[in-house]
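All remarks here apply to the structure that follows.
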Amino acid sequence: MSVKIDSAEIVQCPKCSKKLRLAKQSPSEAAGASDATEPRPRATNTPQPPSSPAAAVQPQTTWPGMLNETRQRFGNAPRTFSDDEKAYLRVKFSFLTRLLSSADKLCQPLAAQESVFRDGVIVWGHLIQANNQLFQPGKRDLPGEMVYALNPPNITPEELGQVAAGLGSLKGTRPAAPALAPIANYLTDEYIRVFGLPVPPAISAKPCMISTVYFVRHHLPNWMLSDGLMPLVVSPRTPHFAFVLPALYWPEMLLQHWQAARPVIRK
């Protein structure tokens with residue numbers, strides 16, 4: 001839920017009900033970045049564990065700055081990872097996924113996970129829909145749908161949220177518009193997988209895409225979904241497989257918003 005108050009936006013966290021103030025940038029700040037809102041930092045920053053990557057990275061408070069911070073923490077492509085990082089990044093096939101692998105295209109991104117993490121582009125993504133079990137603690141990894149833009153300076157996180165809401169409103173409907181009917185059918189079905197499906201101009205004038213994402217519990221803060229906005233790592237080439245970027249590499253401010261500590265890789 002969000003409401004406009006004067007020149008700022010107050011966003012209420014769906015998990016803890018605490019409010020985060022997103023202040024508008026000044027004209028000089030806006031000239032250097034298109035994202036027009038920024039979260040206000042708390043009085044104290046959560047200390048970063050020494051074992052976290054890029055320990056010297058300075059936490060940022062603007063949306064473009066946080067995305068750049070995330071990219072610094074994860075590194076430039078092609079990336080190399082330590083054995084401990086590889087173990088943390090690895091997405092394992094569950095028994096059910098293996099059982100359905102011959103019919104479910106969800107196994108395609110899982111099979112390509114090493115190349116996605118090595119070469120993927122870091123962008124903001126916004127949740128459209130996900131299995132209800134992901135919004136509560138648990139151990140089972142489950143799928144959902146995310147919308148994103150591979151050219152992130154052209155769209156703000158707030159705009160991504162509006163696109164996600166527009167797409168979500170199509171679920172369970174039968175729109176007459178030929179461009180919207182396949183999207184409505186796909187979201188309603190919940191078992192159709194897409195990887196880089198273009199968002200129709202009727203929903204977003206700016207180029208966006210949709211990908212089915214396999215939400216890996218140990219990659220999420222607190223092992224569950226607590227908010228709709230999160231960084232994604234997306235294959236730069238078709239098919240555009242995507243994963244939620246593991247929380248180890250998230251910007252400090254976003255972890256604070258999720259009320260989560262930065263994970264520590266256990267050796």
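Kindly evaluate Ala111 against the criterion of being surrounded by fewer than 18 Cβ atoms within 10 Å (Cβ to Cβ), hydrophobic (A, V, I, L, M, F, W, C) and modelled with pLDDT under 85. Write out each step before concluding.
Details: surrounded by fewer than 18 Cβ atoms within 10 Å (Cβ to Cβ): yes; hydrophobic (A, V, I, L, M, F, W, C): yes; modelled with pLDDT under 85: no.
Spelling it out, it is not the case that Ala111 is surrounded by fewer than 18 Cβ atoms within 10 Å (Cβ to Cβ), hydrophobic (A, V, I, L, M, F, W, C) and modelled with pLDDT under 85.
Pairs needed: first member in segment 67-90, among the small types (Gly, Ala, Ser); second member anywhere, outside any loop (DSSP other than H, G, I, E, B) and surrounded by 14 or more Cβ atoms within 10 Å (Cβ to Cβ); C-beta distance under 7 Å; at least 6 residues apart or different chains.
These pairs meet every condition: Ala77/Arg118; Ala77/Asp119.
With Pro231, Pro221, Pro239 as the choices, which residue is in contact (Cβ under 8 Å) with a residue 60 or more places away in the chain and buried (at least 18 other Cβ atoms within 10 Å of the Cβ)?
Details: Pro221 fails: in contact (Cβ under 8 Å) with a residue 60 or more places away in the chain; Pro239 fails: buried (at least 18 other Cβ atoms within 10 Å of the Cβ).
Within the list Pro231, Pro221, Pro239, the selection yields Pro231.
Output yes when any residue across segment 244-265 is assigned to a strand (DSSP E or B) and either over 25 Å from Asp104 (Cβ atoms) or not basic (Lys, Arg) (or both), and no when none is.
In the first step, residues of segment 244-265 are kept if they are assigned to a strand (DSSP E or B); the result is 244.
If we keep only those that are either over 25 Å from Asp104 (Cβ atoms) or not basic (Lys, Arg) (or both) as well, we get 244.
Among the residues of segment 244-265, at least one is assigned to a strand (DSSP E or B) and either over 25 Å from Asp104 (Cβ atoms) or not basic (Lys, Arg) (or both), which makes the answer yes.
Given the residues Phe215, Phe195, which is the only one that is touching a His at 6+ places or on another chain (Cβ under 7 Å) and either of a type in the set (Asp, Glu) or on the phi < 0 side of the Ramachandran plot (or both)?
Values: Phe215 fails: touching a His at 6+ places or on another chain (Cβ under 7 Å).
The unique qualifying residue is Phe195.
Lys171 fails exactly one of the following numbered conditions: (1) assigned to a helix (DSSP H, G or I); (2) crowded, with 16+ Cβ neighbours inside 10 Å; (3) not β-branched (Val, Ile, Thr). What is the number of that condition?
Unmet for Lys171, out of (1) assigned to a helix (DSSP H, G or I); (2) crowded, with 16+ Cβ neighbours inside 10 Å; (3) not β-branched (Val, Ile, Thr): (1).
Mind listing whichever residues of segment 174-191 are over 15 Å from Met209 (Cβ atoms) and of a type outside the set (D, E, K, R)? So that I can check it myself, show each step before the final result.
Let us first name the residues in segment 174-191 that are over 15 Å from Met209 (Cβ atoms), namely 174-178, 180-181, 184-185, 188-191.
Listed by number, the residues that qualify are Pro175, Ala176, Ala177, Pro178, Leu180, Ala181, Ala184, Asn185, Thr188, Tyr191.
Scanning for something modelled with pLDDT under 60, of a type in the set (A, V, I, L, M) and part of a helix (DSSP H, G or I), does segment 31-54 turn up at least one residue? Let's see the steps before the verdict.
At the first step, the residues of segment 31-54 found to be modelled with pLDDT under 60 are 31-54.
From what's left, of a type in the set (A, V, I, L, M): 31, 33, 36, 43, 54.
In the following step, the residues that additionally are part of a helix (DSSP H, G or I) were identified as 31.
Scanning segment 31-54, I find at least one residue that is modelled with pLDDT under 60, of a type in the set (A, V, I, L, M) and part of a helix (DSSP H, G or I), so the answer is yes.
Name the residues in segment 114-159 that are more than 16 Å from the chain's Cα centre (by Cα) and in contact (Cβ under 8 Å) with a residue 40 or more places away in the chain, would you?
Of segment 114-159, the ones more than 16 Å from the chain's Cα centre (by Cα) are 114-115, 118-119, 132-133, 136-140, 154.
Those that are more than 16 Å from the chain's Cα centre (by Cα) and in contact (Cβ under 8 Å) with a residue 40 or more places away in the chain: Ser115, Arg118, Asp119, Gln136, Pro137, Gly138, Lys139, Arg140, Asn154.
The values are calculated or read from the model by the stated rules, or taken from the named source; none is laboratory data. What you see is a predicted model; the values in this text were computed from it and never measured. As a convention, Cβ positions derive from the backbone with ideal geometry for all residues, glycine included, and neighbour counts pool all protein chains shown.
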